[in-house]
Structures are given as C-alpha cells and as structure tokens.
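Read the structure below first, then the notes.
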Amino acid sequence: MTSEPGPAAPDDAAAHVLAFYDRHPISAADVLWRVKEARGSLERLKPEDVFPHDQDHYGGLAANDELARAAGIRSDDLVLDLCCGLGGPARYQALSRRCRVVGLDYNEGRIKGAVDLTRRVNLSRRVRFLRGDAHALPFPPETFDAVLSQEALLHLADKGKALAEAFRVLKPGGRLAFTDWIAGAGLTDADRAMMWKGIAAQSVQTINQYLGLLRAAGFHEVRVVNLSALWVPILKDRLAMYRRLREETCIRTGVDSHAEYCSMYEAFVGLVEKGALGGARFAGTRPGARVIRPRRRGEHGAAPGSPEASPP
Ligand SMILES: C[S@@+](CC[C@H](N)C(=O)[O-])C[C@H]1O[C@@H](n2cnc3c(N)ncnc32)[C@H](O)[C@@H]1O
C-alpha cells in the first residue's frame with residue numbers, strides 16, 4: 001500500500017484540486033493569447049491553430065494518437081474524454097479519428113474554456129462538454145465505444161471507483177485507455193506530500209497497483225506501456241515552457257504568479273530523472289462482443305437523456 005498524502009477531508013481535497021486548475025498556468029485565456037501572438041488574429045480559427053497550445057498532457061498530439069490506437073477508436077465512435085481539461089485532446093480525436101467526443105471535467109472554468117475554444121474552431125457539432133465528477137459519471141450504462149483520459153486520474157481520491165465507472169459506461173467490447181503518473185522506486189512520503197501540494201495529486205500508483213485496480217474494475221486484456229524514459233525530455237521541455245510562460249505572464253500582468261509552480265516543477269523533473277516518478281499508458285477492454293452497427297444519415301437511436309440523444 002502507498003500512504004496517502006495529507007489528511008485532507010474529501011471536500012477539502014476536491015476544493016484543493018479545483019483551486020489548482022483555477023490558477024493553472026494553462027488557461028483558455030492564455031491559449032487564446034498565445035494563438036493570437038502566433039497568427040495575429042483570432043478570426044476564422046482552425047483546430048490546428050490551437051493544437052500547439054491546448055494539450056495539457058505529456059507528449060502532445062503524438063500521445064493522443066497512441067492513446068486512440070490503444071483504445072481502438074474508429075470513425076463515428078462515441079468517445080468519452082474523462083477529465084478533459086480545456087478539451088484539446090477531445091477536439092484532436094474528433095478531427096483526426098472522425099469520431100464524436102463527450103468531454104467531462106469537474107472544473108467549471110475548464111468546461112467553459114473547452115466550450116469556447118471548441119466553438120471558435122467550429123467543432124461544437126462533434127465535441128460536447130459536460131461538467132461532472134469522474135467518480136460518478138452522469139451517463140447511462142453502455143453509452144460509449146471508448147473512454148480516454150490523460151494525466152488526470154492522479155487527482156482522483158478513489159481511482160478504483162472511477163475505473164469502475166469507466167467500465168460501466170463502456171459498451172461491451174469497448175476499450176479504456178489512459179495515461180497517468182506512476183510511482184517508481186524510492187518515491188518518499190515527502191515527495192507524495194509535495195505532489196499533493198504542488199499538483200494536487202491525491203495519490204500516485206505503482207504500475208502494479210494500477211493493473212490491480214483495472215482488473216478489479218472488470219477489465220480484460222489489460223495492457224501497460226511504461227513511458228517513464230520518454231517523459232524525461234518531455235518534462236524538461238515542459239519546465240522550459242512554464243518558465244517562458246512565467247516571464248510572459250509577468251510582463252503582461254506585472255505579477256509573478258507562476259514562481260511557485262516553476263520551482264515545484266523543477267523538483268518533479270528531478271524525481272523523474274532519478275526514476276522515483278514516471279508515466280505509463282494503460283488499456284483494458286470491457287468483455288463482450290463489440291457491435292458495430294453502420295449508422296444511417298440522421299439516425300442515432302439512443303436512450304433519451306444520453307449524450308447520444310443529440311450526437312455531436
Ligand atoms: C492535467 S488536466 C488534463 C487535461 C486533458 N486531459 C488534456 O490532456 O489536455 C486534468 C484535469 O482533470 C480534471 N479533474 C480533476 N478531478 C476531477 C474529477 N473528480 N472529475 C472530473 N475531472 C477532474 C481537472 O479539472 C483537470 O482539468
């Protein structure tokens with residue numbers, strides 16, 4: 001068993017996670033500011049204009065492609081992006097896989113930002129967003145063909161419950177694929193406490209703990225790819241990006257608001273370099289035969305109130 005960081009009560013813990021994203025260096029306003037800097041205006045934006053700035057996970061668009069492959073996403077699939085943030089990966093999957101995506105996030109600011117960015121790039125018909133908690137998904141059973149998540153389960157108090165929810169909303173034969181931080185050898189309680197304070201990580205699992213949670217939730221064909229070595233240069237680049245953002249924000253607003261975030265991030269990079277922290281991609285299938293039904297134009301046949309009732 002890993003020890004949990006900090007004695008926060010559930011409500012305090014949720015508030016800490018919310019507050020972390022309310023003041024996160026990557027916000028919808030920052031994304032738009034950087035897009036405007038890059039192309040001079042925000043008129044007639046294409047999703048591709050925003051992709052360099054709206055992906056809040058490690059490995060950028062290539063990581064989205066790997067995740068989509070691990071989840072076996074096909075065109076017209078209905079995909080849930082769990083803890084979708086500003087919706088960058090959801091927009092990318094909808095565009096590159098020609099699937100429909102529902103993004104769910106607990107943070108209202110993230111959802112408002114995701115809706116705004118998606119409207120600006122004209123993808124609102126295929127990508128919808130909803131505020132909700134990954135521990136209790138507001139969807140009927142067997143709704144989605146695939147469930148994805150990136151660098152988000154670390155924030156959840158009960159990862160087993162969230163994985164069981166992902167299993168419940170997947171159709172038989174549907175596949176979950178997610179990436180997340182993992183604990184390596186030598187991660188101390190002090191490191192865990194720093195991850196709680198610094199990036200609102202409620203707990204960090206080892207690879208074996210995650211495999212156990214996936215199997216306990218009912219998943220079959222469970223797979224894992226250790227990405228830790230790949231994450232080292234990615235995290236170093238990310239640190240450089242946060243340092244640049246800190247400077248830009250300082251110049252723009254006159255306030256050095258990201259100093260603490262940058263110094264904490266330096267500590268994370270050190271932990272990843274020495275192998276105490278890392279990342280991995282996990283996937284698992286909800287057993288059962290996948291029914292692939294050709295969809296006719298205008299037809300969706302979903303239960304009322306489900307996301308499919310008004311398909312993106
Ligand atoms: C690192 S961001 C990932 C964003 C997105 N996956 C991406 O790659 O751009 C993690 C997200 O998890 C969300 N989150 C944290 N706890 C949550 C919960 N209990 N239910 C749903 N979303 C949650 C946060 O609000 C945040 O937007």
For this session: Just give me the residues in segment 177-199 being within 14 Å of the ligand (Cβ to nearest atom) and either of a type in the set (D, E) or in a strand (DSSP E or B) (or both), in sequence order.
Result: A177, F178, T179, D180, W181
For this session: Pairs only if they're at least six apart or on different chains, beta carbon under 7 angstrom, first in segment 150-168 and surrounded by 17 or more Cβ atoms within 10 Å (Cβ to Cβ), second in a loop (DSSP other than H, G, I, E, B) and among the charged types (D, E, K, R); list them, first residue then second.
Result: F167/R286
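Yes/no matrix, rows are residues, columns are (1) modelled with pLDDT under 75; (2) in contact with an Asp or Glu (Cβ under 7 Å, 6 or more places away or on another chain); (3) not in a loop (DSSP other than H, G, I, E, B):
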site	(1), (2), (3)
E266	no, no, yes
V269	no, no, yes
V272	no, no, yes
G284	no, yes, yes
R295	yes, yes, no
Seminar exercise, completed: Scanning segment 78-94 for residues that are of a type in the set (A, V, I, L, M), outside any helix (DSSP H, G or I) and buried (at least 24 other Cβ atoms within 10 Å of the Cβ), the one farthest from the ligand (Cβ to nearest atom) turns out to be V79
Exercise. Only one of R168, R223 is under 26 Å from D76 (Cα atoms), in a helix (DSSP H, G or I) and more than 17 Å from the chain's Cα centre (by Cα); which?
Worked result: R168
Exercise. In this structure, is A14 more than 10 Å from the ligand (Cβ to nearest atom), more than 14 Å from the chain's Cα centre (by Cα) and small (G, A, S)?
Worked result: no
Seminar exercise, completed: Taking segment 36-60 and keeping residues more than 21 Å from the chain's Cα centre (by Cα) and surrounded by 18 or more Cβ atoms within 10 Å (Cβ to Cβ) leaves L45
Exercise. When E221 is evaluated against the numbered criteria (1) touching a strand residue (DSSP E or B) at 6+ places or on another chain (Cβ under 7 Å); (2) surrounded by 12 or more Cβ atoms within 10 Å (Cβ to Cβ), which criterion, by number, is the only one it fails?
Worked result: (2)
Exercise. Scanning segment 95-107 for residues that are within 14 Å of the ligand (Cβ to nearest atom) and of a type in the set (A, V, I, L, M, F, W, C), which turns out surrounded by the most Cβ atoms within 10 Å (Cβ to Cβ)?
Worked result: V101
Problem set entry | Identity of the residue in segment 121-157, β-branched (V, I, T) and assigned to a loop (DSSP other than H, G, I, E, B), that ends up nearest to the ligand (Cβ to nearest atom) | V121
For this session: Tell me which of these H57 doesn't satisfy, since it passes every other one: (1) in a helix (DSSP H, G or I); (2) touching a Pro at 6+ places or on another chain (Cβ under 8 Å); (3) within 9 Å of the ligand (Cβ to nearest atom).
Result: (1)
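The values are calculated or read from the model by the stated rules, or taken from the named source; none is laboratory data. Small disclaimer: the values here were computed from a predicted structure and weren't measured. Ideal geometry is used to build each Cβ from the backbone, glycine not excepted, and the neighbour counts take in all protein chains shown.
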